[in-house]
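Enquirer: Take this structure first; my questions come after.
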Amino acid sequence: MNSLVILFSTTFMYSTPLIFTSLGGVVSEKSGVINIGLEGMMTFGAFVASWMAITTGNPWLGFLAGGLAGLILACLHAVASILWGANQVVSGMAMNFLGSGLSIFLCRIFFEGASMTPPLDLSLKIPLIYNQYATVYLAFLATFILWFIFKYTRLGLRLISSGEHPKAALAAGVNVSLYRYFGVLSSGFLAGLGGASLSIVIVSNFRPTLISGQGFIALAAMIFGKWNPVGSMLACLFFGFSQALVVYVGGIEGMTVSSQILSALPYVLTLIVLVGFMGKSTAPSALGQ
Amino acid sequence: MKKIIISLFSILLGFLIGGIVLKLSGISPLEAYKVMFYGSFSQPNYISYIIIRSTPLIFTGLSVAFAFKTGLFNIGAEGQFITGALAATFLGYYFNFNPWLQIPLVIIVGTFAASLYGGLAGFFKARFGVHEVLSTIMLNWLALYISNYFVFYEGIRRPDTETTEFINQSSSLTLFEDWKISEVGIEWLNQHEILKSFMRPPVNAGIFLALIAVIVVWVILEKTSFGFKLKATGFSLLASKYAGINTNAKMTQSMMISGALAGMAGVTHVMGVSKNVAVLAAHEGYGFDGIAVALIGSTHPFGVLLSSFFLGTLKYGGQKIQSALEAPSEVISIMIGVIIFFIAIPSVLELPIEKIKTFFSNRRLQKQVNTHE
């Protein structure tokens, strides 16, 4: 029984960065801007968060700074996509290179050539509430807020209209660009928080291989969850659960299942679900235009 | 032509902003670029290392560019690379024919394995409407874990290591491998300093295959009706369907070719350089770099060729500033990011380019007026 509790709490822990980042993807793409640069924004957020947490000694400041770091990168993507009509996929890829490049570059500058930040003291980590890191609750709160925004508020409706039919939205007097800026910038902020919740919560430092593809998993979770905050959160929980399962099964004595096969399982399952049950994707219709 | 100018202009801006970043960190940009330049071209063996580094980039760049032409975004070059590398390792280890049979066998079967793997994403898209970005991300991770599983597989695992056994000598693409260490070879090379230096790295035939691939891809895309149909599918799916093109089949075929190209990168890497595969903790970034190469080369086969040498040089020369100046070599990633960023926004670059053009044509006019007077 106790081990099951551990399994679920590890699931929540591993899902948190994915949930934040995936929500970021939802908010940007709902407004009509493709954000394939989540990975880079996450990486930059992870680095800045751990740097800030170490220099100020306050994990919450670090967490916030991580979000702001993601937001700064998102500014570039937003201006390129919305103002200059960029090819959004290309610009997003640029964010990925910039994000990882800047993070390790600055890390080497600030920490005397090391590509890792020094580990954070345990007392400086985000506090636990009922055996869960506070960020876990924040991730669920963020999901709820986004769901509420899209479902019940004028802001949400206008974001959706900017992504589904920008011309009609314009004709109705909606400032489409403004809402898209909002979408992309909050996307960067959320992805930054996602990175931060990895670097200063789950592990205690930043290193170059920390993110390695998690941003893309979050992107996949967003598509898997059909561009819906709750759906994306569930997809992230699924990916988090399988990560936790590898850790959990690895700890059982006499277990002979190869951890490699076990690790591959979520990706196979996702493919099967996509092929068998999901049907055509339901992206916002004006995505990328 | 315009695309070439935009790429060159973006590269210039990449160096400029990279320089500013270096300057802000208290490192002299001129010094750093000088180290990079000498670290890339001052010795013959540097050139061979650049060629070795650029070879997989040509393949993965072509792979991504080819899929782009059909309107598909192949993030899966990484997974297809792994598939090709793993298949080549297996074939090269378990079979040991005469090189004239062995080498084509390993290349063809290894490439075909990767081709099927890539085709899977195309098939999922065509048949089930699964977004190719999503499926290729999943397939990348799947390939990584499958590869890791087989690296630990008894029989091919090299005892007490996290790598596989080496492939048989008969599958090697490395040039003059035995001769280089034979007495005659050593003696001959000692008399020819430049070639000796050039031959020191594992120079291999992969580059020739890559050059052939560039030409084949160009011919397919520009000179065949098959290529025309592929491009039409990418340009407008509905119009192509209306014109009677089987767009579903075209998507799968395009991804199969794209997968084969990325797979060739893995195959030639194993046969020419690494000779085995190791456990992967994370993706190595071949697919990622392929995307960069394709974008900087504006998805044209010849552009890809140039941009892979550019990127290969940058990556090889860039690492030299770490030891020489203690400057972070990650400035290279920043530069690549900046270059791609500007390539994404051609409309912004067009304005200054137009300005420069009019400036020069004005001057020419002015001259003509002057001579008339």
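Enquirer: Have a look at A:Val90, A:Val136, A:Val268 and tell me which one the Gaussian network model of chain A (Cα, springs below 10 Å) gives the largest fluctuation.
Expert: Comparing A:Val90, A:Val136, A:Val268 in the GNM, the peak value goes to A:Val268.
Enquirer: Got the relative contact order for chain B handy, in percent, Cα pairs under 8 Å and 6 or more residues apart?
Expert: Values: 611 pairs, mean separation 131.4, N = 373.
Computed over chain B, the figure is 35 percent.
Enquirer: Projected onto the charge dipole of the protein assembly as shown (+1 at Lys/Arg Cβ, -1 at Asp/Glu Cβ, origin at the Cα centre), which of B:Leu195, B:Gly266, B:Thr252 gives the Cα projection farthest towards the positive end?
Expert: B:Thr252
Enquirer: OK, next. Quick one: dipole size for the protein assembly as shown, taken about the Cα centre, charges +1 on Lys/Arg Cβ and -1 on Asp/Glu Cβ, in debye to the nearest 20. Walk me through the numbers before you get to the answer.
Expert: Working: 37 positive and 26 negative charges, 438 e Å.
It works out to roughly 2100 debye.
Enquirer: Hey, can you list the DSSP H helices of chain B whose Cα span along the axis is 27 Å or longer and whose average Kyte-Doolittle score is at least 0.0? Intermediate results must be reported in sequence, preceding the final value.
Expert: Details: long enough: B:2-24 (33 Å, 1.96); B:44-69 (37 Å, 0.94); B:99-128 (42 Å, 1.17); B:132-151 (28 Å, 1.14); B:247-269 (33 Å, 0.36); B:346-372 (38 Å, -0.62).
Membrane-span-like by this rule: B:2-24, B:44-69, B:99-128, B:132-151, B:247-269.
Enquirer: Separate question: Would you be so kind as to identify which of B:Val151, B:Ile103, A:Phe148 lies farthest towards the positive end of the dipole of the protein assembly as shown, taking Lys and Arg as +1 and Asp and Glu as -1 on Cβ and the Cα centre as origin?
Expert: A:Phe148
Enquirer: Further, regarding this structure: When A:Met93, A:Met116, A:Met42, A:Met233 are ordered from fewest to most other Cβ atoms inside 10 Å of their Cβ, what list results?
Expert: Fewest-to-most Cβ neighbours within 10 Å comes out as A:Met116, A:Met233, A:Met93, A:Met42.
Enquirer: Select from B:Ile336, B:Gly318, B:Thr164 the residue farthest towards the positive end of the dipole of chain B; place +1 on Cβ of Lys and Arg, -1 on Cβ of Asp and Glu, and compute about the Cα centre.
Expert: Sorting the options by dipole projection puts first B:Ile336.
Enquirer: A further question on this structure: So how strong a dipole does the range B:140-200 carry about its Cα centre when Lys and Arg Cβ are +1 and Asp and Glu Cβ are -1, to the nearest 20 debye?
Expert: On the way: 5 positive and 9 negative charges, 38 e Å.
Magnitude of the dipole: close to 180 debye.
Enquirer: Something else about it: Long-range amide H contacts for B:Asn204: which residues qualify at under 5 Å (H placed 1.01 Å from N, peptide plane, sequence gap of 5 or more or a different chain)?
Expert: B:Leu175
Enquirer: Among A:Ser162, A:Ser31, A:Ser177, which one shows the highest mean-square fluctuation when chain A is modelled as a Gaussian network with alpha-carbon springs under 10 Å?
Expert: Sorting by GNM fluctuation, first place goes to A:Ser177.
Enquirer: To the nearest 20 debye, what is the magnitude of the charge dipole of the range A:2-278 about its Cα centre, counting +1 on the Cβ of each Lys and Arg and -1 on the Cβ of each Asp and Glu? All intermediate terms of the calculation are to be shown ahead of the outcome.
Expert: On the way: 10 positive and 6 negative charges, 131 e Å.
The calculated dipole for the range A:2-278 is roughly 620 debye.
Enquirer: Give the shape of the protein assembly as shown as rounded, prolate or oblate, defined through the alpha-carbon gyration tensor: a ≥ b ≥ c are the square roots of its eigenvalues, a/c under 1.5 means rounded, and otherwise the shape is prolate if a/b is larger than b/c and oblate if not. Can you show the working numbers first?
Expert: Numbers: a/c = 1.35, a/b = 1.13, b/c = 1.19.
Here the protein assembly as shown falls in the rounded category.
Enquirer: Two-decimal Rg/Rh of chain B from alpha-carbon positions, Kirkwood Rh? Don't skip to the answer; put the middle values down first.
Expert: Details: Rg = 23.0 Å, Rh = 22.4 Å.
Reported Rg/Rh (Cα atoms, Kirkwood Rh): 1.03.
Enquirer: Moving to a separate point now. In the range B:155-241, what trypsin sites (Lys or Arg not before Pro) fall in a loop by DSSP, with at most 15 other Cβ atoms inside 10 Å? Can you show the working numbers first?
Expert: Working: sites: B:Arg157, B:Lys180, B:Lys196, B:Lys223, B:Lys229, B:Lys231, B:Lys241; in loops: none.
The qualifying sites: there are none.
Enquirer: Within chain A, which is the longest segment that contains none of the GluC sites (Glu not before Pro) sitting in a DSSP loop with at most 14 other Cβ atoms within 10 Å?
Expert: On the way: sites that count: A:Glu112, A:Glu253.
Looking at chain A, A:113-252 is the longest stretch - no exposed GluC sites (Glu not before Pro) with at most 14 other Cβ atoms within 10 Å.
Enquirer: Under a straight-distance cross-link criterion of Cα-Cα below 28 Å, which lysines are reachable from B:Lys69, leaving out those fewer than 8 residues away in the same chain?
Expert: Reachable lysines: A:Lys30, A:Lys226, A:Lys280, B:Lys2, B:Lys3, B:Lys125, B:Lys223, B:Lys229, B:Lys231, B:Lys241, B:Lys250, B:Lys315.
Enquirer: Here's another thing I want to ask about it. Restricting to DSSP loop positions (anything but H, G, I, E, B) with no more than 11 other Cβ atoms inside 10 Å of their own Cβ, which GluC sites (Glu not before Pro) remain in the range B:144-238?
Expert: Working: sites: B:Glu154, B:Glu162, B:Glu165, B:Glu177, B:Glu183, B:Glu187, B:Glu193, B:Glu222; in loops: B:Glu154, B:Glu162, B:Glu165.
Sites meeting the loop and neighbour criteria: B:Glu154.
Enquirer: Let me ask something else about it. Build a GNM of chain A with springs between Cα atoms under 10 Å: which of A:Ala139, A:Ala196, A:Ala171 gets the top mean-square fluctuation?
Expert: Comparing A:Ala139, A:Ala196, A:Ala171 in the GNM, the peak value goes to A:Ala171.
No value in this document is a laboratory result; all are computed from the given coordinates. Source: prediction; values computed, not measured. A quick note on method: Cβ atoms are made from the backbone with ideal geometry, for glycine too, and the neighbour counts reach across all protein chains shown.
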